[in-house]
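K.L.:
Take a look at this one; I'll ask things after.
The values are calculated or read from the model by the stated rules, or taken from the named source; none is laboratory data. The shown structure was predicted, so the numbers you read here are calculated from the model rather than taken from an experiment. Please note: Cβ atoms are built from the backbone with ideal geometry, for glycine as well, and neighbour counts cover all protein chains shown. Just so you know, the surface numbers come from the protein's heavy atoms only, side chains and all, with ligands and any DNA or RNA stripped out. Shrake-Rupley method; radii C 1.70, N 1.55, O 1.52, S 1.80 Å.
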Amino acid sequence: QVQLVESGGGLVQAGGSLRLSCVASGRTFSTYSLGWFRQAPGKEREIVALIGRSGDITSYADSVKGRFTISRDNAKNTVYLQMNGLNPEDTAVYYCGARAGPLLWRRDVYDYWGQGTQVTVSS
């Protein structure tokens with residue numbers, strides 16, 4: 001089991017940057033694969049970026065490749081999402097999620113979720 005708390009969202013202008021953080025509980029943080037997901041109004045939650053247990057494997061949605069970077073610091077029980085070159089299309093509630101085991105590009109296998117943090121990008 002793991003508990004997740006996101007922070008770092010806010011309002012930025014197009015082209016700006018934000019760094020999201022998600023702090024997890026527990027002694028077994030390094031056994032979980034982690035991800036950032038987002039949900040815009042009227043849309044389903046989608047995968048943004050995923051990171052494996054050791055942090056050496058990452059995967060990104062095509063829409064954010066080259067702009068977003070996911071990383072983790074297992075010593076701090078924290079996963080980050082650095083977002084650069086933000087677009088209005090990036091506006092959404094961003095959630096971190098976790099699963100026990102390896103990285104998989106499937107929404108339904110990430111069983112633990114934070115409460116989300118709002119990211120709003122203005123034109």
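K.L.:
I'm trying to understand the selection: among the residues of region 59-77, which are touching a residue at least 24 places away in the same chain (Cβ under 8 Å), surrounded by 15 or more Cβ atoms within 10 Å (Cβ to Cβ) and farther than 18 Å from residue 117 by Cβ?
P.N.:
If the condition is that a residue be touching a residue at least 24 places away in the same chain (Cβ under 8 Å), surrounded by 15 or more Cβ atoms within 10 Å (Cβ to Cβ) and farther than 18 Å from residue 117 by Cβ, then 59, 74 are the ones that fit.
K.L.:
Among residues belonging to region 8-50 that are among the charged types (D, E, K, R) and part of a strand (DSSP E or B), point out the one that is farthest from residue 80 (Cα to Cα).
P.N.:
Filtering region 8-50 for residues that are among the charged types (D, E, K, R) and part of a strand (DSSP E or B), the one farthest from residue 80 (Cα to Cα) comes out as 46.
K.L.:
Sticking with this structure for a sec: Could you please find all residues in region 78-108 being modelled with pLDDT under 95 and open to solvent by less than 30 Å² (accessible area, probe 1.4 Å)?
P.N.:
101 - this is the single residue of region 78-108 that is modelled with pLDDT under 95 and open to solvent by less than 30 Å² (accessible area, probe 1.4 Å).
K.L.:
Sticking with this one: If residue 52 passes every condition in (1) open to solvent by 80 Å² or more (accessible area, probe 1.4 Å); (2) under 13 Å from residue 103 (Cα atoms); (3) not basic (Lys, Arg) but one, which one does it miss?
P.N.:
Against the list (1) open to solvent by 80 Å² or more (accessible area, probe 1.4 Å); (2) under 13 Å from residue 103 (Cα atoms); (3) not basic (Lys, Arg), residue 52 comes up short only on (1).
K.L.:
Please indicate, with yes or no, whether at least one residue in region 81-94 is within 14 Å of the chain's Cα centre (by Cα), free of Cβ contacts under 8 Å to residues at least 60 places away in the same chain and outside any strand (DSSP E or B).
P.N.:
yes
K.L.:
Here's another thing I want to ask about it. Determine which single condition residue 37 fails, assuming it passes every other condition in (1) open to solvent by less than 10 Å² (accessible area, probe 1.4 Å); (2) in contact with a Ser or Thr (Cβ under 9 Å, 6 or more places away or on another chain); (3) under 22 Å from residue 1 (Cα atoms).
P.N.:
(2)
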